[in-house]
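J.: Okay, handing you the structure first.
Bear in mind these aren't lab numbers, they're just calculated from the coordinates by the rules spelled out. Since the structure is predicted, the reported quantities are computational estimates derived from the model, not experimental observations. Please note: Cβ atoms are built from the backbone with ideal geometry, for glycine as well, and neighbour counts cover all protein chains shown.
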Amino acid sequence: MASNTICQNCEYPLEDGECYNCEHSNMEKSHIPSYIDSDVKREEDGTYNLEEIYTLLRDEDPYKSRRVIGDNYGEEVLNELMNSRPETWCILVEKYLRGPCLDYQSGFGKRSRLLAQTCEPIYAAESNSEMLRVSCEISGPDDNIIPVHTDLKNLPFDSGYFQSIVVSGDRINDLPETLSVLKKYLSKDGVLFLQLDGWMRNFGITNYLGLEPNNDNISASADSLFKSQIRSYENILHEAGFYNCSFYSLLTNGTQLRTWSFDIDNPSIVNWVLNSNQKANTNMKLDISYKLARVANNIGVLKYCYPRYLIVCDKNKGSGRQFSSDEFLMTSMYRSVLLEFENQKINQVRKIGSNTPGQRLNKNAVKNITELKDTDTEISSTLPDGQKEYSDFGIVWRENPIFGSSLNQSISRSPEGFEKALQIGLGWISKFQNEYRRKDVVLDSDEVESMLNYKNSPSSPQSKIESPVSLFKTPIHGDFSLPNIFVSDGKVDRVIDWELSDSDSFPIADSGYFIIQLSEYIFRDFQDGFEKVFLRDSEYNRILIKYMTEYCDRVEVSPRSFIIGLPYNYKRRADIDYDNYGRLCVNWGERVEIINKNQDILEENFNVQF
């Protein structure tokens, strides 16, 4: 341990965990310095076996161990262990995070791993040694993260040592004591970062509105309603000696695949959030949430109604110091996007890999966009304009903002909207593929099965391909869906978010995926959309056949090859998940099964022979 930890017996600086003043030997638990005799049970450790999880994580193949944990305990447990998206607010307030940092109640270390990219060193203080041990196994060797088994009363640090302290105040009644103790360890100009639940989350309203998958930590009482409002939080902070408070909202959608963070006192950002997604959601509950939020904003009470807050403050009363931000952070499955606002408009967009897989995919996007932009063509002008930069979180792609509307914001959920989207989307992708088309290929049945069978698949696809399939190789976008297509005057203006792109793949990855995702958007459900558009004799099916046939003619691919290749991008997305995360982040296999089990109907409806 570094010399800024002190002996709990005589408060003399420790060297390698030993006190040479009173010769008191501090304990270790699982090779982690320990300053308390027993563990404090935390709600996050649930009812699952941390010893077994630790043993699984020690497997030489980390991806295999994560799959086994997911299979044994479910995705919720795996997310508790490894999903760092709710902690990516660190990127938004990076300029305020600095110096030695205390991550108090660090849990499984998700926050520590992000903090370690911008602060040095990180002391991950946790009262549950088993959680710390699991955290260390997930993080691997990292000299910048120092685990410490301790509690609030036994923090082994010098007064005023930390420039940043981060804490989750999940227990409202313990908050005043927690703050008064932590204040001692914060430097004179240091900054406190405090995560707290709002009254809506404490009352379980966020569950009902679909803003999070599950929250069992519900404390529906008049006392918790009063204490979990931001005015009460600010009063508690002032009483503990913390001032200059800035409040940020921490939002997740129902599956925690996307998180949003922003300054709730920035009207430009709040208005953009409320008005830019009116037609973007497939989830009815989220639609209701937006409508209620717009009403709350109009009457001036929205700032009191966010489900979770980040409060940034210091202990310098009267300094007038501000911790505000003019940026909006959105973190998706693969990377984070920072929208920089100026004069109530988006001025710049920065795309950042918020974890190791995200950094790898961000690098992939920069490489492929740069190569495609080298060609001076009409279609290349619809690719993002930007430049590569570097940050504590790896490669950053900075690009100019787009002022059109995304395709999902430009169409109605109707046959007319469906037709408009097909005309625009398939029109652009056929031009793109013809411009960058590479060699023609003929795949035999084994090669088709290989193309459609994702890594670690429990079984082969239910295919019955009997004759060769003719396709061609082309660069692909990899996530060619409505939110990534921006239109102006009925034409594609920009296609964004290329992190899943590939310089050499099959055309159906984009065109087939686009149509299926469009169907899901129209009918708000994957299976319902697929059945009504692809399997039934309906107006939507007749529109699809018309535009699919036109697309196939333009790129010289047979309708048979197109229909056979429909599952391809879902298989490909599964491979990307396994390569980067060791597990499926979305159940792509279920979507593949829905497509494959209906091959007979597809053959009949589209008059093709598999």
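J.: Answer rounded, prolate or oblate for region 356-463, using the Cα gyration tensor with square roots of eigenvalues a ≥ b ≥ c: rounded when a/c is under 1.5, else prolate when a/b is larger than b/c, else oblate.
T.: Numbers: a/c = 1.59, a/b = 1.15, b/c = 1.38.
Cα axes put region 356-463 in the oblate bin.
J.: Follow-up. Using +1 at the C-beta of Lys and Arg and -1 at the C-beta of Asp and Glu, which of LEU302, PRO384, ASN347 has the Cα lying farthest in the positive direction of the dipole of region 281-395?
T.: The residue sitting farthest along the positive end of the dipole is LEU302.
J.: What residues from region 547-590 fall in the zone where the backbone N is under 14 Å from a label point 7 Å along the Cα-to-C-beta line of ASN434?
T.: Residues passing the 14 Å test: 550-557.
J.: Hey, another quick one. Name the residues whose placed amide hydrogens come within less than 5 Å of the amide hydrogen of SER228, ignoring near sequence neighbours (fewer than 5 apart) on the same chain.
T.: Long-range HN contacts for SER228: none found.
J.: Would you kindly state how much longer the chain becomes between GLN409 and THR377 on full extension, computed as 0.36 nm times their sequence separation minus their alpha carbon distance, in nm to one decimal?
T.: In short, 8.8 nm is gained.
J.: Here's another thing I want to ask about it. Quick one: check the C-alpha center-to-center distance for region 384-431 versus region 227-241, whole angstrom.
T.: What the calculation gives is 42 Å, centre to centre.
J.: Further question on the same structure: Over 25 Å between Cα atoms, which of LYS420/LYS473; LYS571/LYS597; LYS95/LYS184; LYS367/LYS473; LYS373/LYS546 qualify?
T.: As for pairs spanning more than 25 Å Cα to Cα, those are LYS420/LYS473; LYS373/LYS546.
J.: Treat every Asp and Glu Cβ in region 284-344 as -1 and every Lys and Arg Cβ as +1, leave all other atoms uncharged, and give the resulting dipole magnitude about the Cα centre to the nearest 20 debye.
T.: 360 debye
J.: At a Förster radius of 22 Å, what calculated FRET efficiency corresponds to the Cβ-Cβ distance of GLU449 and ASN587, to the nearest 0.05?
T.: 0.55
J.: Amide H of ILE146: which non-local residues (sequence gap of 5 or more, or other chain) have their own amide H closer than 5 Å, using H built in the peptide plane?
T.: ILE122, TYR123, ALA124
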